[in-house]
1. Do the conditions hold for Val261, that is, is it among the hydrophobic types (A, V, I, L, M, F, W, C) and over 30 Å from Ala155 (Cβ atoms)?
2. Which of the residues spanning segment 259-289 are farther than 16 Å from Glu336 by Cα and either at pLDDT below 95 or among the aromatic types (Phe, Trp, Tyr) (or both)?
3. Name the pairs whose Cβ atoms lie under 9 Å apart, with the first residue in segment 244-264 and over 17 Å from Thr215 (Cβ atoms), the second among the charged types (D, E, K, R) and loosely packed, with under 13 Cβ neighbours inside 10 Å, and 6 or more positions between them or separate chains?
4. When the residues of segment 304-318 are narrowed to those that are in a strand (DSSP E or B) and either open to solvent by 30 Å² or more (accessible area, probe 1.4 Å) or not aliphatic (A, V, I, L, M) (or both), which ends up farthest from Leu334 (Cα to Cα)?
5. So if I check each of Pro98, Pro110, Pro89, which one is modelled with pLDDT under 90, more than 22 Å from the chain's Cα centre (by Cα) and buried (at least 19 other Cβ atoms within 10 Å of the Cβ)?
6. In the set Val346, Val350, which member is of a type in the set (Val, Ile, Thr), farther than 19 Å from Gln292 by Cβ, in contact with a Leu (Cβ under 8 Å, 6 or more places away or on another chain) and open to solvent by 20 Å² or more (accessible area, probe 1.4 Å)?
7. Given the structure, is Ala207 surrounded by 14 or more Cβ atoms within 10 Å (Cβ to Cβ), at pLDDT below 90 and of a type in the set (A, V, I, L, M)?
8. Identify, please: which residue in segment 336-371 is of a type in the set (A, V, I, L, M) and assigned to a loop (DSSP other than H, G, I, E, B) and is, among those, nearest to Lys185 (Cα to Cα)?
Amino acid sequence: MSRDARDSARAAAGQLSLFGEAEAAVAGRRPTGDAAGRGAVRPGAGRPPAGEASPGVLPAAGAIAADDRPGLIEPASAPAPAPAAGPAPAPAPAPGRPLAPARPRSTGAPGVEPPAATVLFRHPRASREIRLGEAVVAYELTRARRRSIGMVVSAEGLSVRAPRWVGVAEIESALHAKAAWIRSKLADQRERARRGEAARIEWADGASLPFLGETVILVLDERVTGAVLHTDIEALPGVPRLTLHLGLPHTAAPAQIRDAVQAWLQRQARRIFEERCTHYADKLGVRVTRLQLSNAQTRWGSASADGSIRLNWRLIHLGMATIDYVVAHELAHLREMNHSPRFWDVVRSVIPDVDRVRQGLRNEVLPDLGG
């Protein structure tokens, strides 16, 4: 089904959402010829989500699609651990053969260091393996009722879905055709996993987390009631100017601190999202009938033809420019329930630098709140 046909089907259902994961599709032909490369998109994801999806969809586990079709957004939560790196199996299996257990590579002579290992990306459910340039990729292969060969790179690694009648040689030909994209996205996922690990929050006095694109420091202060945000207008450049004072003792458990901060963040998200929805609804001439906060793993947000809008509350970690883009994207769907050029014209009418903001959103890694 073409992109326009898919959008039309979803529009007919009265709902469009922004996904965080997308899929690369390669047209499949009966075994009489090679596959022709063609980018398709899958959202959380997806997923993820996890390609891109329409704003409002949180990247599911940070999955990425083979192309950047408008309307998809890459997830956004701290991704799951990326495929572990390690030495490549030796010898690599011949094309068309299933993945075999790795055997140690002989160094050839005592005391001589073996050559540098090839980078290995291994999916936890890998059933086949292929060498793509300097990388050995162990990937998951699933047979499905579909007309094309689809590839999805997620935090787990590379997954391939192919029609039952397409031979392994044709599948591997398609993988070689997309080799540069596959290697790039696998490397991106590994880097996202590293950044996600660094973004893990230790819930204690003095911990920090992002709020509206700035760093806020947590202060346990029994003198206050609830949570109170303080701003130091005289803070030196590079020094966090925001402190969130929580009415908790220094003996508070990490889960207590996390729950108090999360409740405060969600209150701020609703307040700010309502303000931005009102602002952009007036500019676009649309009416929002209902606003809900979402905690989806694969979507930043979604819109329904009846005027209902869902926005992921974790957008509150990001800057106002990004929040405005996601809000405008979802409200634009109330005029164009698709991702056609007309839809993007509507978005650009209120967010002129939409391409820059979309690219920035793809690179965002949300903090790991735990629990």
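1. Against the criterion (among the hydrophobic types (A, V, I, L, M, F, W, C) and over 30 Å from Ala155 (Cβ atoms)), Val261 does not qualify.
2. Of everything in segment 259-289, those that are farther than 16 Å from Glu336 by Cα and either at pLDDT below 95 or among the aromatic types (Phe, Trp, Tyr) (or both) turn out to be Trp264, Phe273.
3. Final answer for the pair search is Gly247/Glu222; Gly247/Arg223; Leu248/Glu222; Pro249/Glu222; His250/Glu222; Pro254/Glu202.
4. Asn312
5. Working: Pro98 fails: buried (at least 19 other Cβ atoms within 10 Å of the Cβ); Pro110 fails: buried (at least 19 other Cβ atoms within 10 Å of the Cβ).
Result of the check over Pro98, Pro110, Pro89: Pro89.
6. Details: Val346 fails: open to solvent by 20 Å² or more (accessible area, probe 1.4 Å).
After ruling out the rest, the residue left standing is Val350.
7. No, not satisfied.
8. The selected residue is Val365.
The values are calculated or read from the model by the stated rules, or taken from the named source; none is laboratory data. Model, not experiment: these values are computed from the prediction. When we count neighbours, we look across all protein chains shown, and the Cβ atoms used for this are built from the backbone with ideal geometry, even at glycine. With ligands, DNA and RNA removed, areas are computed over all heavy atoms of the protein, side chains included. Shrake-Rupley method; radii C 1.70, N 1.55, O 1.52, S 1.80 Å.
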